[in-house]
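Reading through the structure tokens given below for one structure.
Each value in this text was obtained by applying a stated rule to the coordinates, not by laboratory testing. This one's a predicted model, so the numbers in the text were calculated from it and none came from an experiment. Backbone-built Cβ (ideal geometry, glycine too); neighbour counts: all protein chains shown.
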Amino acid sequence: MRRSYVLNSIVAIAVLLCAAAIASAQTGQLRGSVKLVGADGKAAPVANAVIDVWRTDIAGDYHTKTDKKGEWIFAGLPYTGTYVVSVSAPGASPMARDKVKAGREIPVDTVLSSGDGKKLTRDEAVAAAAGGGGASTSSGGGESAADKAKAAELAKKNEEIMAANKKIEGANQIIGDAFKAGNAALMAKPPNYDEAIRQYDLGLAADPEHPGAPSLLTNKSGALRSRGVEKYNAAIQNKEAAARDAGLELAKADFKAAAEAASQGVELLKKQPAATDAEEQKQQTTNKYFALFSRAEAMRFFVTKVDQTKTDEAVTAYQEYMAVETDAAKKAKAQLDMAQMLLDAGAADKSMVEFKKILDAQPDNVDALYGMGVSEISVGYGANDKAKLQEGVNYLQQFVDKAPDTHRYKSEAKATLTELKNTESVVPEKTTTKPGTRKRP
């Protein structure tokens with residue numbers, strides 16, 4: 001009962017993922033926090049600190065203040081802009097940070113030292129940032145050794161923070177560029193899967209734990225699946241055995257890598273803290289949806305073409321995806337895909353359970369009738385169980401009666417019914433009850 005067929009292309013799915021990612025990346029958030037080092041040497045959050053953001057590539061400015069927790073946020077700055085962020089507060093020396101990018105999910109955290117509360121102009125902020133971030137306005141004189149030591153310690157901390165942020169900014173640039181180039185390669189006509197995968201890997205190498213890494217992994221998984229489909233289809237049509245086997249191994253490697261990338265992306269998303277901002281929550285929900293969908297699809301290929309022992313993991317992947325799927329038609333398709341995946345992976349006993357769930361809700365679902373029939377027959381053959389063969393034949397006959405002539409499995413179902421009649425003397429029962437049920441005496 002094993003079938004060999006050409007896999008359907010999933011380029012459209014991968015393009016959808018990329019399109020969604022690009023659409024959501026036109027604007028991005030910029031957020032941060034402000035702390036002030038007090039006389040005790042400890043840094044405490046500063047409420048109502050002034051945050052001035054100036055765009056340096058073109059004209060543009062944005063202004064806000066920190067909340068009572070010392071935090072601030074801009075929800076929709078242009079993603080492509082380059083910014084200088086200036087921070088000032090009463091009793092503090094101002095600080096400025098340059099080459100800041102929006103939408104990278106990297107906070108601009110600032111620790112201020114005590115000062116006269118000066119507020120920088122745009123030009124002063126640009127100059128201060130270029131000079132290292134500080135903008136001292138004290139008149140000097142009379143500093144004690146303790147004050148000098150505290151100032152030196154604070155300066156060192158600020159230098160460390162700035163160095164770390166510059167490293168993050170560098171990773172942001174690499175990841176942003178890799179994401180854009182990878183998506184462009186994936187949506188090219190024809191798609192360039194090799195280049196897309198290479199670009200996503202460049203981004204991941206810059207920072208595997210970056211908040212944008214799950215999206216890179218999701219799109220990489222889609223590219224790997226699509227490339228695997230192409231290799232698989234080419235291989236099964238190759239008449240030369242050695243070349244066919246080599247092509248199938250290459251396809252399997254892609255399916256395995258796709259499952260690993262998608263699973264890694266989901267796990268990274270699960271570790272990310274829950275967003276508190278409405279826009280961030282919306283983006284997190286979108287990222288989670290596509291990551292779970294991508295993992296379910298990747299596991300379907302992996303289990304049916306590479307490793308049939310991973311059916312439980314694949315079922316979990318489908319269940320977690322269906323839990324967030326709000327479209328009834330898509331959820332129903334996922335239920336059917338999961339049941340068919342189990343059947344194709346040789347787990348007919350498990351596929352029977354899933355097909356039965358579908359038929360309980362949709363008794364005339366022809367795809368479920370076919371799957372249930374094949375599952376029952378497979379179990380019947382394996383257990384030498386004539387009753388199971390009979391139930392499977394009953395389901396197959398219902399499928400033949402209800403499926404349109406254009407259904408791809410109708411001819412195969414008829415052939416199976418004929419074979420079982422000739423070899424096992426099992427024919428469909430003429431009954432008005434559901435297949436597999438028995439009348440009470």
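V353 versus K386, label points 7 Å from Cα toward the beta carbon: distance in nm?
Roughly 2.9 nm, to one decimal.
Collect residues whose amide H, placed 1.01 Å from N in the peptide plane, falls under 5 Å from the amide H of D109; neighbours closer than 5 in sequence don't count.
S33
Taking the beta-carbon count within 10 Å as an exposure proxy, list K331, K220 from fewest neighbours to most.
Values: K331 15, K220 30.
Listing K331, K220 from fewest to most nearby Cβ atoms yields K331, K220.
Report the gain in length on full extension from K42 to A243: 0.36 nm times residue separation, minus Cα-Cα distance, nm rounded to one decimal. Numbers along the way, then the final one.
Numbers: separation 201, 0.36 × 201 = 72.36 nm, distance 6.78 nm.
Contour length minus the Cα-Cα distance gives 65.6 nm.
Among the listed pairs K69/K288; K180/K331; K310/K356; K252/K310, which are separated by more than 25 Å between their Cα atoms?
Those over the limit are K69/K288; K180/K331.
Report the label-to-label distance for A59 and D401 in nanometres (one decimal), using points 7 Å from each Cα along the Cα→Cβ vector.
In this crude spin-label approximation the distance works out to 7.7 nm.
With 10 angstrom as the radius, rank L120, L30 by how many other C-beta atoms surround their C-beta, starting from the fewest.
L120, L30
Applying the Karplus parametrisation 6.51 cos²θ - 1.76 cosθ + 1.60 with θ = phi - 60° to the phi angles of segment 74-86, what ³J(HN,Hα) value in whole Hz is obtained for each residue in order, glycine and proline being reported as x?
Computed from phi, the couplings for segment 74-86 are 10, 7, x, 7, x, 5, 7, x, 10, 10, 10, 10, 10 Hz.
Using a basic spin-label model with each label point 7 Å from the Cα along Cα→Cβ, how many nm lie between K119 and K270?
The modelled label-to-label distance comes out at 4.8 nm.
Hey, can you grab everything whose amide H is under 5 Å from the amide H of K99? Only 5+ residues off in sequence or another chain; H modelled, so Pro and N-termini drop out.
Y83
Counting only other residues whose beta carbon sits under 11 Å from that of T316, what net charge do I get with K and R as +1, D and E as -1? Mind dumping the intermediate values first?
Values: positive: R295, K310; negative: D312, E313, E320.
Summing Lys and Arg as +1 and Asp and Glu as -1 gives -1.
Using packing as a proxy for protection, rank 369-375, 406-412 so that the peptide with the highest average count of other Cβ atoms within 10 Å comes first.
369-375, 406-412
From the backbone phi of segment 115-129, what are the Karplus-calculated ³J(HN,Hα) couplings (6.51 cos²θ - 1.76 cosθ + 1.60, θ = phi - 60°) in whole Hz, Gly and Pro given as x?
Along segment 115-129, the couplings run x, 8, x, 4, 10, 6, 7, 4, 5, 5, 5, 4, 5, 5, 5 Hz.
Highest mean first, how do 414-420, 241-247 rank when packing is the count of other Cβ atoms within 10 Å averaged over residues?
414-420, 241-247
Find out how many positive minus negative residues lie around L389, taking Lys and Arg as positive, Asp and Glu as negative, among other residues whose Cβ is under 13 Å from that of L389.
Local net charge: -3.
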